[in-house]
């Protein structure tokens, strides 16, 4: 497995853990909202407000965005994670439930931090082998000849004939003489007499 594939797998695991943490903490967030006095519809919108902040933060960290925007996304992700963690601890009825809430969100935040620190910089390419310049030039010439042969093989006979005429018309001629023309039959007969 290549390093790029490994990094993609790490990213997939982090995404999976984010969704798991959002799912597990959703009930804890609703329970926390009820404990804080929010009514039904308000309590059930709280997970979206907290977990969607984390998801938008994660989406904002894509490598195609600027560094500044990615850093802002990381802060959003960690803020959403911290809120979710607080709700998990507050909603836990006993030590085990609180520890589980800390484990789920804490594991996600640690893995996300690790993956973010690594990112593309963690993937190293294999060092290029140094080739003998003569060998490299020979291989390049062979590759050019093969590409030209393949290109010519795909031409129709009319296209090939046109290319041949073009190449011959630009071919160098002997200085002082024009292109050599075949003698006519009359010229040959006169030369024989």
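Below, the figures for the structure above:
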quantity: Candidates 36, 18, 85: whichever shows maximal mean-square fluctuation once the chain is modelled as a Gaussian network with Cα springs under 10 Å; calculated: 36
quantity: In degrees, nearest ten, helix 95-118 long axis to first principal axis of the chain (Cα); calculated: 20 degrees
quantity: The chain: relative contact order as a whole-number percent, Cα under 8 Å and 6+ apart; calculated: 19 percent
quantity: D (Stokes-Einstein, µm²/s), Kirkwood Cα radius, the chain, 1.306 mPa s at 10 °C; calculated: 67 µm²/s
quantity: Principal-axis tilt of helix 40-59 within the chain, Cα atoms, nearest 10 degrees; calculated: 30 degrees
quantity: Peptide ranges 5-13, 182-190, 43-51 listed from the most packed, as the mean C-beta count within 10 angstrom indicates; calculated: 43-51, 5-13, 182-190
quantity: Between helix 67-91 and the chain: long-axis angle, C-alpha atoms, 0 to 90°, nearest 10; calculated: 30 degrees
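Each value in this text was obtained by applying a stated rule to the coordinates, not by laboratory testing. As the structure is a prediction and not an experimental result, all values here were calculated from the model. FYI the Cβ positions are ideal-geometry reconstructions off the backbone, even for glycines, and counts take in every protein chain you see.
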